[in-house]
1. How many of the residues in the stretch 287-305 are under 21 Å from the mean Cα position of the chain (by Cα) and without any contact (Cβ under 8 Å) to a residue 40 or more places away in the chain?
2. What are the residues in the stretch 236-271 that are on the phi > 0 side of the Ramachandran plot and among the basic types (Lys, Arg), if any?
3. Within the stretch 144-163, track down each residue that is hydrophobic (A, V, I, L, M, F, W, C) and either at positive phi or free of Cβ contacts under 8 Å to residues at least 60 places away in the same chain (or both).
4. Scan the stretch 263-285 residue by residue and report those that are assigned to a helix (DSSP H, G or I) and touching a residue at least 24 places away in the same chain (Cβ under 8 Å).
5. When you scan the stretch 65-129 for helices (runs of 4 or more DSSP H) that lie fully inside it, which ones turn up with 3 or more residues that are touching a residue at least 24 places away in the same chain (Cβ under 8 Å)?
6. Which one is surrounded by the most Cβ atoms within 10 Å (Cβ to Cβ) among residues in the stretch 316-353 that are in a helix (DSSP H, G or I) and of a type in the set (Asp, Glu)?
7. Do we find a residue being over 16 Å from GLY148 (Cβ atoms) and within 23 Å of the chain's Cα centre (by Cα) anywhere in the stretch 110-125?
8. Could you list, in sequence order, the residues of the stretch 100-140 that are under 24 Å from SER342 (Cβ atoms) and surrounded by fewer than 21 Cβ atoms within 10 Å (Cβ to Cβ)?
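Each reported figure results from applying straightforward, stated rules to the coordinates on display, with no laboratory input. Computed from a predicted model, the values in this text were never measured in an experiment. Cβ placement follows ideal geometry from the backbone for every residue including glycine, while neighbour counts extend to all protein chains displayed.
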Amino acid sequence: MPSTLLAKPNINYLLSSTAMALCSAFCPRISANFRPKPFSSSPSKPLLSLSFKVFSSQATDASSQDKFSGRVGFLGLGIMGSPMAQNLIKTGCDVIVWNRTKSKCDPLISLGAKYRSSPEEVAANCDVTFAMLADPESAIDVACGKNGAVRGMGPGKGYVDISTVDVATSKLINEHIKARGALFLEAPVSGSKKPAEDGQLIFLTAGKKSLYELVSPLLDILGKSRFYLGEVGNGAAMKLVVNMIMGSMMASFSEGILLSKKVGLDPSVLVEVVSQGAISAPMYSLKGPSMVKSQYPTAFPLKHQQKDLRFALGLAESVSQSTPIAAAANELYKVAKSYGLSDEDFSAVIEALKAKSQDTA
């Protein structure tokens, strides 16, 4: 059901972000004929309108029943990208892969994928190119840097960025893709390693509707549901809000586990109680047993959770929205990073709380 959100962001935030500087450094020059659409200065209109037209689930699109017949590129084969590319290959898609560390491509090549030595070559040889990168810096570099995907794009081609980035980064990459006459869709996902392996991700897409419809069969291979949210930036914003909630939930859950143990309760029983009640969440059932044992197998790195909280707080500031709970959670993840836990699962944030308790004991 369509819904609309109007927001008035802080223009300084959008135009002086890290993404703007990075794109200036990495991206090829846009044609002199390109003119970005100015923000409205009328007091009766918001400076930026985020229109969310939501289409959810495979059943809403008849096009999802059609098989994608083109060649698919996949850039970035980390914790998430590798199983996603693997699922495309296993369903018979013609896939070309690239990764900075070439050895990560080898298992996929053995399954039938082809390899190219740069993002530019992948994009030039594919109808649609997916990118799953770790952060805005990587997303911009792979898209717009030397031998970047943008250089291989042209009319009729599509670029689908699955990376979790800030709104400004997504908009900037979109403009450079558009300048080449190609189509852009942002499609960050909700879900971590296991859902990626099982094809159970949730796609939060925004951008060119025709590209969304074209790649829907591919999204249905990779995920269990998909949402089309309208203009570029809406998908990034939705993902940041989701991850802001998730990071805050994990911080609070960690406090509960430690408090239960401190007062003489069995934290394993707490996990069971929580999992059967009104506040039950798959995350608690999945992470809780390992957290009780101080084990944190990485499905979503802690450094990425803190990065997403930081961007979510920036987004909130741009629209003057108070987020004190998320701000407190962000500080806790920063402490965890200072203890060398960046590459551990984000559930390792509990270790920062343990250290704080010892410091005050």
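1. Qualifying residue count for the region: 0.
2. Let us first name the residues in the stretch 236-271 that are on the phi > 0 side of the Ramachandran plot, namely 264.
Scanning the stretch 236-271 gives no hits.
3. First, pick out the residues of the stretch 144-163 that are hydrophobic (A, V, I, L, M, F, W, C): 144, 149-150, 153, 160, 162.
Answer for the stretch 144-163, where residues must be hydrophobic (A, V, I, L, M, F, W, C) and either at positive phi or free of Cβ contacts under 8 Å to residues at least 60 places away in the same chain (or both): MET153, VAL160.
4. Initial filter on the stretch 263-285 (assigned to a helix (DSSP H, G or I)): 267-276, 282-285.
Hits for the stretch 263-285 are PRO267, SER268, MET283, TYR284.
5. Values: elements: 81-90, 106-110, 119-124.
Fully inside the stretch 65-129 and qualifying: 81-90, 119-124.
6. As a first pass, look at the stretch 316-353 and keep what is in a helix (DSSP H, G or I): 316-318, 324-338, 346-353.
In the following step, the residues that additionally are of a type in the set (Asp, Glu) were identified as 317, 331, 351.
Values: GLU317: 15, GLU331: 14, GLU351: 20.
That would be GLU351.
7. The initial filter retains those residues of the stretch 110-125 that are over 16 Å from GLY148 (Cβ atoms), namely 110-115.
This time we only want the ones that are within 23 Å of the chain's Cα centre (by Cα), so: none.
So far as the stretch 110-125 goes, no, none of its residues is over 16 Å from GLY148 (Cβ atoms) and within 23 Å of the chain's Cα centre (by Cα).
8. Narrowing the stretch 100-140 to residues under 24 Å from SER342 (Cβ atoms): 100-101, 103-104, 131-140.
Within the stretch 100-140, ARG100, THR101, SER103, LYS104, ALA134, ASP135, GLU137, SER138 qualify.
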